[in-house]
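What follows is a set of notes on a single structure, which appears directly below.
The values are calculated or read from the model by the stated rules, or taken from the named source; none is laboratory data. What you are looking at is a predicted structure, and each value in this text was computed from that prediction instead of being measured. Here Cβ is always computed from backbone atoms with ideal geometry, including for glycine, and neighbour counts include all displayed protein chains. Heads up: the accessible areas ignore ligands, DNA and RNA and are worked out on the full protein's heavy atoms, side chains in. Shrake-Rupley method; radii C 1.70, N 1.55, O 1.52, S 1.80 Å.
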Amino acid sequence: MQDVNYDQIFDSAIDRLHEEGRYRVFIDILRNKGAYPNARCFHGHNGPKPITVWCSNDYLAMGQHDKVIGAMEEALHDVGAGSGGTRNIGGNTHLHVELEHELADLHGKEGALLFTSGYVSNDATLSTLGKLLPGCVIFSDELNHASMIAGIRNSGCEKRIYRHNDTRHLEELLAAEDAETPKVIAFESVYSMEGDTAPVHAICDLAEKYNALTYIDEVHAVGMYGARGGGISERDNAAHRIDIIEGTLGKAFGVMGGYITAEKRIIDCIRSYAPGFIFTTSLSPVLVAGVLASVKHLKGSSVERRAQQAAAAMLKLKLAEAGLPVMDSTTHIVPLMVGDPVHAKKISDILLAEYGVYVQPINFPTVPRGTERLRFTPGPHHTEEMMDELTQALVEIWDRLDLSLREAA
């Protein structure tokens with residue numbers, strides 16, 4: 001009997017990624033505090049090189065905001081660095097409690113629960129929800145995030161996948177289930193790779209008709225939409241119709257963490273049963289203090305949101321006018337279709353090496369094969385000059401690689 005060759009197995013797994021052109025390379029950068037989107041890149045051997053970041057999820061640059069940094073510095077000197085443990089054992093601080101109150105208020109819910117990331121909040125909540133509801137069936141949009149898919153899988157319950165944003169298909173699936181079966185409809189408000197939004201009210205109508213709970217992932221929308229940054233559900237006046245609203249603290253709020261908001265009994269159940277909450281060290285109070293400052297600021301300020309939306313609209317227009325294959329997007333996401341993993345990586349590499357532009361290629365499994373793309377996230381501090389330089393660079397690279405441009409708009 002021959003021994004298992006573990007090295008060969010691992011090498012083969014990595015070789016497959018290289019062969020398919022989707023091996024991921026993490027770029028070594030440091031952002032310049034107070035000068036975002038400018039950063040320093042340490043990729044290569046010539047020391048730090050100045051670059052412009054075009055793919056950050058810190059959509060509103062709140063990670064650079066004076067109020068956020070000041071709150072974190074104050075908390076660091078007041079309570080120290082770490083939380084001290086799980087929420088149950090030493091890791092529950094007044095800052096955690098205060099932030100949960102702010103988040104519950106943001107979404108008009110009775111309670112909120114903090115997690116260490118948006119991924120964990122989705123995985124822990126959906127998996128626990130499915131286990132708590134006997135015979136539960138979860139209805140999931142086909143483009144839901146990997147964390148939602150993981151949570152549904154880990155719940156061990158039945159799932160039904162409906163075509164993206166297709167409420168007619170969703171109703172067919174709902175109608176086929178027994179009326180007494182517990183049901184959860186899980187969907188996102190903003191789909192970050194497509195740049196489109198869910199038909200929230202239509203989904204809520206179906207949930208009411210078929211007695212299903214609703215679970216919305218607002219990670220790419222919180223802070224970005226609504227008068228106070230409550231997301232698409234606030235913008236569309238639908239938050240009161242949704243049972244569980246999940247969000248992140250690491251994108252528009254600029255720091256780190258995830259959360260859910262819901263009525264108190266649901267929050268208490270997840271708090272009491274979810275291993276992903278119970279058995280992990282809580283967020284550092286320093287991070288919590290920063291998020292708290294960010295949430296409070298964006299509840300009262302729409303300056304950042306308006307500037308970001310204006311930047312996104314301007315970039316979409318410039319790319320379209322240049323004949324570049326910018327995808328239709330109704331949100332702040334600006335996806336540029338490439339359709340090939342090797343070309344997507346090549347374009348990204350040329351932009352960084354020759355133009356000082358940092359944007360990561362988006363390949364399978366994040367998006368389906370054949371829909372590989374570049375995903376730009378212009379922020380409130382990306383200037384028109386930066387956009388012109390980016391557009392010109394992309395047109396030159398498209399020509400160099402003999403890729404097709406559209407007719408000028």
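How many percent of the alpha carbon pairs in segment 307-387 exceed a separation of 20 Å? Kindly include the intermediate steps, with their values, before the conclusion.
On the way: 1036 of 3240 pairs.
The calculated P(r) of segment 307-387 puts 32 percent of pairs beyond 20 Å.
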If you take the beta carbon distance between Arg40 and Glu385 as r and set R0 to 25 Å, what does 1/(1 + (r/R0)^6) give as a FRET efficiency, to the nearest 0.05? 0.80
Which residues does a label at Arg153 reach in segment 345-372, if reach means a backbone N under 17 Å from a point 7 Å past the Cα toward the Cβ? 364-369
Quick query: amide H of Glu188 versus all other amide H atoms, modeled in the peptide plane; which residues come in under 5 Å with a sequence gap of 5 or more or a different chain? Asp217
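With the full set of protein chains in place, find how many percent of the accessible area of segment 1-108 is carbon and sulfur; take the probe as 1.4 Å. The partial results should precede the final answer.
On the way: 3590 of 6950 Å².
Of all accessible area on segment 1-108, carbon and sulfur atoms account for 52 percent.
Pop out the carbon and sulfur fraction of the accessible area of segment 266-409 as a percent, whole number, probe 1.4 Å. Can you show the working numbers first?
On the way: 3400 of 6210 Å².
Ligands and nucleic acids excluded, carbon and sulfur reach 55 percent.
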Counting only heavy atoms of protein chains, what accessible area per residue, in Å², does segment 1-106 have with a probe of 1.4 Å? 65 Å²
Any idea what angle helix 118-132 forms with the longest principal axis of the chain, computed on alpha-carbon atoms, 0 to 90 degrees, nearest 10? 30 degrees
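When the accessible area of segment 119-226 is computed with all protein chains present and a 1.4 Å probe, what percentage of it is carbon and sulfur?
49 percent
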Karplus 3J(HN,Hα) series, Hz, for segment 349-356 with 6.51 cos²θ - 1.76 cosθ + 1.60 (x for Gly, Pro): 5, 5, 4, 6, 5, 9, 10, x
Which residues qualify? For Lys159, with a placed amide H closer than 5 Å and at least 5 residues away or on another chain, they are Ile138
Assign one of three labels to segment 273-341, namely rounded, prolate or oblate, based on the Cα gyration tensor with a ≥ b ≥ c the square roots of its eigenvalues; rounded applies when a/c is under 1.5, prolate when it is not and a/b is larger than b/c, and oblate otherwise. oblate
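Please report, in debye to the nearest 20, how large the charge dipole of segment 212-318 is about its Cα centre when each Lys and Arg carries +1 at its beta carbon and each Asp and Glu carries -1 there.
Details: 13 positive and 9 negative charges, 82 e Å.
Charge dipole of segment 212-318: 400 debye, to the nearest 20.
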For the chain, the percent of all C-alpha pairs falling in each 20 Å bin, from 0 up to the bin holding the max distance, is 25, 55, 19, 0
